[in-house]
Amino acid sequence: MFFDGPVIDAVFKGAVLSVIGIAWVIFLVRIVGLRSFSKMTNFDFVMTVAMGSLLAGASQSQQWTGFIQTLTAMTSLFALQYSVSMLRYWSPRLDDLVQNTPVLLMRDGRILHDALRATRVAEEDLMAKLREANVRDLSSVRAVVLETTGNISVLHGDRVDDALFKGVTNV
């Protein structure tokens with residue numbers, strides 16, 4: 001592709017294609033916005049994983065056509081994510097279709113075992129997240145929510161504003 005020697009060509013090609021690929025992703029993020037890698041939704045998470053995979057593939061391209069195809073795939077994914085996010089904004093029906101619903105796993109110091117079962121979250125995993133959130137007493141936990149991204153949010157303290165439960169399912 002660049003040099004006659006296979007080792008020198010491979011090193012140079014990997015470096016150049018990686019730099020071009022990263023620059024392309026940065027360019028696309030500057031156009032679409034930082035939300036591209038926000039992981040606020042399951043769709044965003046898939047986008048982030050796919051972009052990493054495509055970037056790895058771009059840096060290993062053997063031909064220019066494969067490299068251009070990878071850059072085109074990146075552009076297409078960014079365009080799709082942007083379009084879906086705009087459509088979700090305007091259409092609650094589409095939002096319900098593509099978006100998971102956050103689920104309440106614990107409320108006011110009480111573990112909601114039916115919710116754990118429904119979401120397939122083990123009580124041991126819940127306890128690990130509580131420890132990560134520096135919870136020292138279960139009675140201080142106001143709520144634990146399994147978010148749409150798969151992350152677990154732990155809310156503890158004296159009280160929690162009910163507005164934080166908007167859209168959260170209570171199994």
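The values are calculated or read from the model by the stated rules, or taken from the named source; none is laboratory data. All values reported here derive from a predicted model rather than from experimental measurement. Cβ coordinates were reconstructed from backbone atoms using ideal geometry, including for glycine residues, and neighbour counts include every protein chain displayed.
Within the range 113-137, the residues that satisfy the criterion of being in a loop (DSSP other than H, G, I, E, B) and either under 22 Å from the mean Cα position of the chain (by Cα) or not hydrophobic (A, V, I, L, M, F, W, C) (or both) are 120, 121, 122, 133, 134, 136, 137. Screening the range 23-59 for residues that are more than 19 Å from the chain's Cα centre (by Cα), surrounded by 13 or more Cβ atoms within 10 Å (Cβ to Cβ) and of a type outside the set (S, T, N, Q) and picking the one that is nearest to residue 85 (Cα to Cα) gives 27.
For residue 103, the conditions (1) at pLDDT 90 or above; (2) aliphatic (A, V, I, L, M); (3) over 30 Å from residue 82 (Cβ atoms) are fulfilled apart from (3). Taken across the range 65-84, residues that are buried (at least 17 other Cβ atoms within 10 Å of the Cβ), in a strand (DSSP E or B) and under 21 Å from the mean Cα position of the chain (by Cα) do not occur at all.
If you go through the range 1-29 and keep only what is of a type in the set (Val, Ile, Thr), modelled with pLDDT of 90 or more and more than 19 Å from residue 47 (Cα to Cα), you end up with 16, 19, 20.
Restricting attention to the range 20-64, the residues being touching a residue at least 60 places away in the same chain (Cβ under 8 Å), under 24 Å from residue 147 (Cα atoms) and not in a helix (DSSP H, G or I) number 3.
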